[in-house]
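The values are calculated or read from the model by the stated rules, or taken from the named source; none is laboratory data. What you see is a predicted model; the values in this text were computed from it and never measured. No Cβ is skipped: glycine too gets one built from the backbone with ideal geometry, and neighbour counts run over all protein chains shown.
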Amino acid sequence: MIKVFMERSIKGKNVSEIVRLLRMLRVKAMQQPGYISGETLHALDDPNYYLVISSWENPSDWEAWHHNPERQQLQAELDKLALLKFDFLSMII
């Protein structure tokens, strides 16, 4: 199993649209082969900081989703809406 940690810092007047796109990413991810679970954590002391954790059967399932054109399109939309930081960290369990 692999866990993927995605840090996202957002700001600006587009926050509600960004959150909507993040939810769309989750729904699409849930339909992918190898997807196990996911959660989105919102920092108490920083309203702009989110940590998304997803679990996948294996690294190749995650990589397939990471390179999926639908995911990349949603990510491009997020990037246009003042997504300030977007980092990945993948760890095998």
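A few remarks follow.
- Within segment 1-83, helices (runs of 4 or more DSSP H) holding 2 or more residues that are under 11 Å from the mean Cα position of the chain (by Cα) and of a type outside the set (A, V, I, L, M, F, W, C): 15-30, 69-80
- Selection status of residue 24, of a type outside the set (D, E, K, R), within 17 Å of residue 76 (Cβ to Cβ) and surrounded by fewer than 16 Cβ atoms within 10 Å (Cβ to Cβ): yes
- Scan of segment 52-84 for residues that are hydrophobic (A, V, I, L, M, F, W, C) and either surrounded by 14 or more Cβ atoms within 10 Å (Cβ to Cβ) or farther than 20 Å from residue 17 by Cβ (or both), ordered by number: 52, 53, 56, 62, 64, 65, 74, 78, 81, 82, 83
- Taken over segment 34-51, the criterion of being exposed (fewer than 11 other Cβ atoms within 10 Å of the Cβ) and out of contact with any strand residue (DSSP E or B) (no Cβ under 7 Å at 6 or more places or on another chain) is satisfied by 44, 45, 46.
- Among the residues of segment 74-93, those identified as of a type outside the set (D, E, K, R) and either modelled with pLDDT of 95 or more or touching a strand residue (DSSP E or B) at 6+ places or on another chain (Cβ under 7 Å) (or both) are 82, 83, 84, 86, 88, 89, 90, 91, 92, 93.
- Test: residue in segment 31-45 that is farther than 25 Å from residue 92 by Cα, charged (D, E, K, R) and at pLDDT below 90: no
- Residue in segment 2-10 that is surrounded by 16 or more Cβ atoms within 10 Å (Cβ to Cβ) and either within 13 Å of residue 71 (Cβ to Cβ) or touching a Cys at 6+ places or on another chain (Cβ under 6 Å) (or both) present: yes
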